[in-house]
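Report on the following structure.
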Amino acid sequence: MNKKFAFIVILVLVLGGAWFFFERSRAPRQEVPVTPAPTPAPAERTKLKVIASAVPHVELLEFVKPELAKQGIDLEITPIDDSGSNARLYNEQTDNGEFDVNFAQHVPYLNSIKKEQNYDLAPAGNIHVEPIGFYSAKHKTKEEIPDKAVISVPNNATNEYRALRILEQNGYLKLKPTIENYSATKQDIAEYLKAGEIVELEAGIIVRNAQDVDGYITNTNRILEAGIDPSSALFREGGDSPYANVLVTKTARVNEASIVALKNALTTEAVRKFIQEKYKGAVIPAF
């Protein structure tokens, strides 16, 4: 093959290749379809149904509700109806699954109602203490309380025990030495001293009947609900009270993630500060 012929062959190949790429560039391009990435499914949310006393329990729950919502937990809060027989249904409603959690009681009361009704319930975290106190609509000081005074107390065994204990500590009566398990009624009074009559009433109506007695003993939450200044108590139990209010749920659910998250949300430094600033000693953090 001479040089001239080889040059022609190379030229033909080069021109042919150029023509091929030219024609290809003129052809319409076929767009390759792009499959969009799937939209991530929204994180699953949990609804937690809680029944609670109005003050301070519901207020504490409302305070932590936004933070729990960020964690995917939506609180549905129902205030307890204190009217008549409905006042004590919250444990039954928690036991039967109508509510996931209740927030209205301390452990001695829970234990007494479990024994009475055979509920499968357990505490899920200490939150706060409401010191029980002696108040009067008729007298402004302890010294004004007359001898043989008529005094109303809560009629559930554990809170009645608390009431009778502070009456004993303040010289109104003496209890029998055989009392056990933080539970007592007026049948356990050994001797009346300054007190003349003890009236046992449903906790929800004690404040409403204040004018009928010389003095009454009730939990601070009842005083706050009624708009009464808790510092007006003539005397009350100390801050070392063992009666911390607790979250309560079914025994098998105590360690459930959403319930643990609720307990954690209610026991932060932010909640401690909220309690101290809002209730000024009438409610005491128990964590």
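Throughout, read-outs are computed from the coordinates displayed, never taken from laboratory work. Everything numeric here is computed off the predicted structure, so don't read it as measured data.
With the convex hull built on the Cα atoms of the range 133-236, state its orientation-averaged projected area in nm². Show your work: numbers first, answer last.
Numbers: hull surface 23.1 nm².
Mean projected area of the Cα convex hull: 5.8 nm².
Full extension from T251 to K278: what is 0.36 nm times the residue separation minus their Cα-Cα distance, to one decimal in nm?
6.5 nm
Sequence-distant or interchain residues sharing an amide H contact under 5 Å with F99, placed H: which?
Amide H neighbours of F99, under 5 Å, 5+ apart: T94.
Rounded to a whole number of µm²/s, how large is the Stokes-Einstein D of the range 57-112 at 4 °C and 1.567 mPa s, given Rh as the Kirkwood radius over C-alpha pairs?
Values: Rh = 12.7 Å.
In µm²/s, the coefficient rounds to 102.
Considering every pair of different Cα atoms, what Kirkwood radius, in Å, is found for the range 195-287?
Its Kirkwood hydrodynamic radius stands at 15.9 Å.
Provide the gained length on full extension for the span Q211 to D120, in nm with one decimal, where the gain is 0.36 nm per separating residue minus the Cα-Cα distance.
So the chain would gain 28.8 nm between Q211 and D120.
Please compute the length gained on full extension between V199 and K142, using 0.36 nm multiplied by the number of residues separating them and subtracting their Cα-Cα distance.
Numbers: separation 57, 0.36 × 57 = 20.52 nm, distance 1.88 nm.
Answer, rounded to one decimal: 18.6 nm.
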